[in-house]
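Visitor: Pasting in a structure now, in structure tokens, and then I'll have a few things to ask.
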Amino acid sequence: MQEKLKQLKTEALLALKSIKDKAQLEELEVRFLGRKGGELTELLKGLKDLSDDAKREVGQLANEVKTSLEEAVSAKKKEFSKIEMAGLLEKESLDISQPALPPKSFGHLHPNTIIQNDLEDFFTSMGFMVLDGPELESEYYNFSALNIPPDHPARDMQDTFYIKNHTDWVMRTHTSPVQVRAMQKYGAPLRMIVPGKCFRNEATDVRHEHTFYQLEGVVIDKDISFAHMKGVLESVAKHLYGPDTKINMRPKFYPFVEPGVNLEVTCFVCQGKGCRLCKQSGWLEIGGAGMIHPNVLRESGIDTKVNQGFAFGFGLTRLVMLKYGIEDVRLLESGNMKFLEQF
Ligand code: DAH
């Protein structure tokens, strides 16, 4: 029996050498080491007929044979796994030198942002700070501090969204409240702009929207005059619509300035001759401006005996519509991709 065991071992090891794949290996494992009908198992069935001494000896040998066969089989298994893995890696190899596929589409800026960025650059080049303010504003900053007392009709013209249970909070109707905030924080001298979102309770149509953008500006210093204001507004107009652009200022009442003006620029379509865009007037309205009212300066802690200043507010949304010939303001906040992808 010992001879047979040795012979089985030699035979199995020899067979193992010529194994070519995993399937053959499994077959060989079953044939020699299988629990049911495996050659080793079958051989060991003869153990029971041996004497106790012989049983011990043969048993030991049988164990050795079994272990060495199992080891040889598992070594072969590992070898096959390695080969298999290498094959997989080869198939899945990643060529990092290969150029990436071009992206299907690029993101791009909203037309509001394009004009806002452009004006921020322009104003910073003239020494203005770019400031921000809260969109949910107190009634004090939005109205009262701007010389618009609670019973003033201007509050009706700028009807907005009030917040439930907070009657003194409003969604700001203009960027002007940041004038006061900035003066209180920085004092004089001051040169700043505030581009930002504003809200009004409007019945929306092609020219009115509940959400829109303005760009506010303030200059405060000693001896600031109406002439400085005209100079700044003219530079902005020329920057936006070309060197031949002129501005027109007509008196207009705003509670927070005195005197106040309505700001118009030469219609860039007809160069002032009169066309459909400017309704034959030759002018396009782009905002309001004026010398800051002493009440507002005082409310903001500015010494009116030493300093004075001017303020202006452009309809940023309006500038965008004029620049790109957009006829319906509602498109700007619509999230309509067909519209937005044109910019
Ligand atoms: N806040 C005004 C509005 O929304 C626009 C405006 C007018 C702003 C005159 C100003 C200004 O700073 O001086 O209608």
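Visitor: Check which residues have an amide H placed less than 5 Å from Gly287's amide H, if you skip close sequence neighbours.
Guide: Sorted by chain and number, the residues that satisfy this are Leu263, Gly315.
Visitor: Something else: To the nearest 10 degrees, how steeply does helix 22-33 sit against the main Cα axis of the chain, on a 0 to 90 scale?
Guide: Between the helix axis and the principal axis of the chain, the angle is about 40 degrees.
Visitor: Which whole-Hz ³J(HN,Hα) couplings does segment 319-335 yield from phi under the Karplus relation 6.51 cos²θ - 1.76 cosθ + 1.60, θ = phi - 60°, glycine and proline marked x?
Guide: In residue order, the calculated couplings are 4, 5, 4, 5, 4, 9, x, 8, 8, 10, 4, 5, 4, 5, 9, 7, x Hz.
Visitor: Here's a follow-up. Where does segment 85-221 land on Rg/Rh, using Cα atoms and the Kirkwood Rh?
Guide: Expressed as Rg/Rh, it is 1.29.
Visitor: If amide hydrogens are placed 1.01 Å from N in the peptide plane, which non-local residues have theirs closer than 5 Å to the one on Val130?
Guide: Those lying under 5 Å, H to H, from Val130 are Ile193.
Visitor: Apply the a/c threshold of 1.5 to the C-alpha gyration tensor of segment 244-319 and tell me whether it is rounded, prolate or oblate.
Guide: The shape class here is prolate.
Visitor: Counting other Cβ atoms within 10 Å, keep those with at most 11, restrict to DSSP loop, and tell me which trypsin sites (Lys or Arg not before Pro) in segment 27-94 are left.
Guide: Numbers: sites: Arg31, Arg35, Lys36, Lys45, Lys48, Lys55, Arg56, Lys66, Lys76, Lys77, Lys78, Lys82, Lys91; in loops: Arg35, Lys36.
Here the sparse-neighbourhood loop sites are Arg35, Lys36.
Visitor: What number results when the radius of gyration of segment 141-235, computed over Cα atoms, is divided by 2.2 N^0.38 Å?
Guide: Numbers: Rg = 15.3 Å, N = 95, 2.2 N^0.38 = 12.4 Å.
Normalised Rg, Cα atoms only: 1.23.
Visitor: So, one more: How many nm is it between the label spots at Ser93 and Asn295, if each spot is 7 Å from the Cα in line with the beta carbon?
Guide: Going from the Ser93 label point to the Asn295 one covers 8.2 nm.
Visitor: What full-extension length gain, to one decimal in nm, is calculated for Thr204 and Leu101 as 0.36 nm per residue of separation minus the Cα-Cα distance? Mind showing how you got there, number by number?
Guide: Working: separation 103, 0.36 × 103 = 37.08 nm, distance 4.40 nm.
Extra length available between Thr204 and Leu101 comes to 32.7 nm.
Visitor: Report the one residue of Gly87, Val296, Leu190 whose Cα lies farthest in the direction of the positive end of the charge dipole of the chain (charges on C-beta: Lys and Arg +1, Asp and Glu -1; origin at the Cα centre).
Guide: Farthest along the dipole direction, towards plus: Gly87.
Visitor: Okay, moving on. Please state the charge dipole magnitude for the chain, taken about the Cα centre, from unit charges on C-beta atoms (+1 on K and R, -1 on D and E), reported in debye and rounded to the nearest 20.
Guide: 360
Visitor: Carbon and sulfur together cover what percent of the accessible area of segment 2-91 at a 1.4 Å probe radius?
Guide: Numbers: 3590 of 6680 Å².
Reported share for carbon and sulfur atoms: 54 percent.
Visitor: Subtracting the Cα-Cα distance from 0.36 nm times the residue separation, let me have the gained length for Ser74 to Thr167 in nm, one decimal.
Guide: 25.4 nm is the gain from fully extending Ser74 to Thr167.
Visitor: Indicate the gyration tensor shape class of the chain (rounded, prolate or oblate), computed on the Cα atoms with a ≥ b ≥ c the square roots of the eigenvalues: a/c under 1.5 is rounded; otherwise a/b larger than b/c is prolate and the rest oblate.
Guide: Taking the square roots of the gyration eigenvalues as a ≥ b ≥ c, the chain is prolate.
Visitor: Which whole-number value in Å² is the accessible area per residue of the chain, probe 1.4 Å?
Guide: Ligands and nucleic acids excluded, the result is 59 Å² per residue.
Visitor: How large is the dipole of segment 61-144 about the Cα centre if only Lys and Arg carry +1 and Asp and Glu carry -1, each at its Cβ, rounded to the nearest 20 debye?
Guide: The calculation lands at about 880 debye.
Visitor: Work out how much length Glu3 to Glu135 would gain on full extension: take 0.36 nm times their residue separation and subtract the Cα-Cα distance, in nm to one decimal.
Guide: 37.9 nm
Visitor: Taking segment 2-91, how much of its Cα-Cα pair set, in percent, is spaced more than 22 angstrom apart? Mind showing how you got there, number by number?
Guide: Details: 1385 of 4005 pairs.
For segment 2-91, the share of Cα pairs beyond 22 Å comes to 35 percent.
Visitor: Moving on. If I build a Gaussian network model for the chain, linking alpha-carbon pairs within less than 10 angstrom, which residue out of Glu11, Glu333, Glu139 has the largest mean-square fluctuation?
Guide: So, out of Glu11, Glu333, Glu139, the one fluctuating most is Glu11.
The values are calculated or read from the model by the stated rules, or taken from the named source; none is laboratory data. Not measured: the values here are computed from a predicted model. Using ideal geometry, Cβ is built from the backbone for each residue, glycine included, and neighbour counts are taken over all protein chains shown. In case anyone asks, the SASA skips ligands and DNA or RNA and just uses the protein heavy atoms, side chains included. Shrake-Rupley method; radii C 1.70, N 1.55, O 1.52, S 1.80 Å.
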